[in-house]
Amino acid sequence: MRADFDRASFGRDISQWLGREGLSYRAAMIRHDGLNTAMLSRAIHQHDLSVASVLLLCRFAGLDPMNYLVLPERNQAVTAIDTRETSGGTGVRS
């Protein structure tokens with residue numbers, strides 16, 4: 001499994017940021033150099049974004065991009081240690 005990006009939470013948070021600021025896509029684009037309406041739309045509609053776009057949006061919205069990192073669950077299974085027979089006929093702990 002690989003790490004992933006939580007697009008749903010990110011989109012919700014960008015939408016909430018625009019709402020709190022009272023910004024339309026165009027107003028956000030005018031206020032913040034580097035934003036464009038397509039980028040904002042992709043973020044809010046949970047489409048893939050470049051890393052640079054995510055970082056730029058996080059910077060302007062005051063968000064921590066690490067909050068959207070979804071790490072894969074690690075396999076926590078533990079194998080029990082048991083004796084086994086060897087060619088020498090003695091039990092060896094492994």
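Scanning region 1-29 for residues being more than 15 Å from C58 (Cα to Cα) and in contact (Cβ under 8 Å) with a residue 60 or more places away in the chain gives a total of 4. Restricting attention to region 7-46, the residues being of a type in the set (A, V, I, L, M, F, W, C), open to solvent by less than 30 Å² (accessible area, probe 1.4 Å) and either in contact with a strand residue (DSSP E or B) (Cβ under 7 Å, 6 or more places away or on another chain) or not in a loop (DSSP other than H, G, I, E, B) (or both) number 8.
The values are calculated or read from the model by the stated rules, or taken from the named source; none is laboratory data. Quick caveat: nothing in here was measured; it's all calculated off a predicted structure. With ideal geometry, Cβ positions are generated from the backbone for all residues, glycine too; neighbour counts draw on all protein chains shown. When the accessible area is computed, the model is the full protein with side chains, heavy atoms only, and any ligands, DNA or RNA have been set aside. Shrake-Rupley method; radii C 1.70, N 1.55, O 1.52, S 1.80 Å.
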